[in-house]
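> I'd like to ask you about the structure that follows.
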Ligand code: PSU
Ligand code: MN
């Protein structure tokens, strides 16, 4: 049985009642039964995005990774909820068949940020949600933690192009904690951190003082604060919720050290890919997928292997945080 939930949800039961006037005119989100059960019984749930599946990795590694990440979340005691829009319906929690469908669709699915949601729903399309759209749906159904690989940021030359990922503004307006390996050096990391400060987003580095740069443990930028355990993260999220600060939290987990050795190799590929992107005019929402695919080609798959390793590591830590948080909020 599928739960159809009228959102914005703070109290699941309340919103299941169609008489509730608050739910009038609001969007309909489909929550899969396992996720719905976990949410209503206060168990740990971890949201997962789907652009990483459709646009972030090639098939079949995308499907294998998506399944492995869900399995890691489960092994660590939480319920995974991959979020995507299928046939115009925002879905929170996908079946294996739905994950397969999305993985095979790949770039035929629409890369869906906050601005794209209404159009994908209105046209009955298939949308792979980015960090911004995934945060929004996670928040609607009451999932406080979301795991991904990397978030978007201020693009290099963003001071001229104004290309600033809506992930950053979403972090400023939606109270969900995002576990990521920081921000890729395809982006302007110092400006990304400045912008997050402007948006009032708490940025915490996990077991390090440095803000990590996705493929490498260091970025040359100091993180504004530091956390050293899942419990530290859970207390941070709990305080953010209790104070009703309204903004999200970015928990930046460095890539496992055994993988970061290839970081410098990847860094030189990034420089080359950036040059090519400018030459080929790959801009806007096409820029990140272009760079990711090109860096993977140039490093002969080393960047993809690192990407998979860090997402799995984030999933483990994210699930541990979710379990700790559900203990605190019992
Ligand atoms: N960074 C990655 N892998 C990704 C993305 C970013 O290392 O797959 C995706 C995420 O879904 C992120 C989005 O939310 O790209 C940001 O895109 P843009 O820069 O167009 O906002
Ligand atoms: Mn952009």
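Rule-based calculations on the coordinates, nothing more; no lab input. Source: prediction; values computed, not measured. Cβ placement follows ideal geometry from the backbone for every residue including glycine, while neighbour counts extend to all protein chains displayed.
> How long is the chain along each principal axis, judged by its Cα atoms, biggest number first, in Å?
Between the extreme Cα coordinates on each principal axis of the chain lie 57, 42, 38 Å.
> Taking 25 Å as R0, compute the FRET efficiency from the Cβ-Cβ separation of residue 87 and residue 162 and round it to 0.05.
According to the calculation, E is roughly 0.15.
> With angles folded into 0 to 90 degrees, how steeply does helix 96-105 sit against the dominant principal axis of the chain? Use alpha carbons for both and round to 10.
Taking the Cα atoms of the chain, the angle to 96-105 is about 40 degrees.
> May I pose another question? What is the fewest-to-most order of 135, 241, 162 by other Cβ atoms lying within 10 Å of their Cβ?
162, 241, 135
> Would you work out if segment 156-283 is rounded, prolate or oblate? Take a ≥ b ≥ c from the square roots of the eigenvalues of the alpha-carbon gyration tensor; rounded if a/c is under 1.5, else prolate when a/b is larger than b/c, oblate otherwise.
Oblate, since a/c reaches 1.5 and b/c is not below a/b.
> Over the chain, what is the mean sequence separation of C-alpha contacts under 8 Å (at least six apart), divided by residue count, expressed as relative contact order in percent?
Once normalised by length, the contact order is 18 percent.
> Also, quick follow-up: Comparing 81, 71, 44, which has the greatest mean-square fluctuation in the GNM of the chain with Cα pairs linked when under 10 Å apart?
Checking each option, the largest mean-square fluctuation is seen for 71.
> If you fit an axis through the alpha-carbon atoms of helix 230-242 and take the longest principal axis of the Cα set of the chain, what angle between them do you get, 0 to 90°, nearest 10?
60
> Angle between the Cα long axis of helix 263-279 and the longest principal axis of the chain, 0 to 90 degrees, nearest 10?
Orientation of helix 263-279: about 90 degrees from the principal axis.
> If you build a Gaussian network model of the chain, linking Cα atoms that sit under 10 Å apart, which residue out of 287, 170, 49 swings the most?
Answer for the Gaussian network model of the chain: 287.
> At a 10 angstrom cut-off on C-beta neighbours, averaged per residue, how do the peptides 174-184, 274-284, 89-99 rank from highest to lowest?
174-184, 89-99, 274-284
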